[in-house]
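Engineer: Let me begin by handing over the structure; questions about it come next.
Bear in mind that the values in this text are calculations on the coordinates, not laboratory data. In this text, all values refer to a predicted model and were calculated from it rather than measured experimentally. Reconstructed Cβ throughout: ideal geometry from the backbone, glycine too, with neighbour counts over all protein chains shown.
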């Protein structure tokens, strides 16, 4: 279903939109706006998936027993060695 609506743009946005239609990138102003909305929707879906994955990882790590934690010195030992070699 298609719905008619009225949109307002800044001069800058309108010029860009008109240029893209004139260049043939989009068949119409409506097609350009629809493509932009689809991109926003895709980005929002990806962001939600990433946030859910991060939340799951955090919850998983919160279940890690303290005895499994890495010692701070051990965790950064290799990085410190690399830095020392680079400085030498």
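Engineer: If one takes the longest principal axis of the Cα atoms in the chain, at what angle in degrees, from 0 to 90 and to the nearest 10, does the Cα axis of helix 29-62 lie?
Structural biologist: Its long axis makes an angle of about 20 degrees.
Engineer: Relative to the first principal axis of the alpha-carbon coordinates of the chain, what is the inclination of helix 11-22, with its axis defined by its Cα atoms, in degrees from 0 to 90 and to the nearest 10?
Structural biologist: 80 degrees
Engineer: Quick check on the exposure proxy: order 37, 17 from fewest to most C-beta atoms within 10 angstrom. Display every interim value, and only then the final one.
Structural biologist: On the way: 37 10, 17 18.
By the 10 Å Cβ count, ascending, the order reads 37, 17.
Engineer: Between 0 and 90 degrees, rounded to the nearest ten: what's the tilt of helix 72-87 against the longest Cα principal axis of the chain?
Structural biologist: Approximately 80 degrees, to the nearest 10.
Engineer: I need the peptides 67-75, 51-59 ranked by packing, meaning the mean over residues of other C-beta atoms within 10 angstrom, with the highest value on top. Provide the component values of the computation, followed by the final result.
Structural biologist: On the way: 67-75: 8.0, 51-59: 9.8.
Answer by packing, highest mean first, reads 51-59, 67-75.
Engineer: Something else about it: How far is it, in nm, from the label point at residue 56 to the one at residue 69 when both lie 7 Å from their Cα along the line to the Cβ?
Structural biologist: For the pair residue 56/residue 69, the computed spacing is 2.6 nm.
Engineer: Of the listed values (i) 3, 14, 18, 16, 15, 13, 9, 6, 4, 2, 1; (ii) 2, 10, 10, 11, 9, 8, 8, 7, 6, 6, 10, 10, 2, 0; (iii) 3, 13, 23, 22, 20, 12, 6, 2, 0, grab the one calculated as P(r) over Cα pairs in 5 Å bins from 0, in percent from the structure here.
Structural biologist: (ii)
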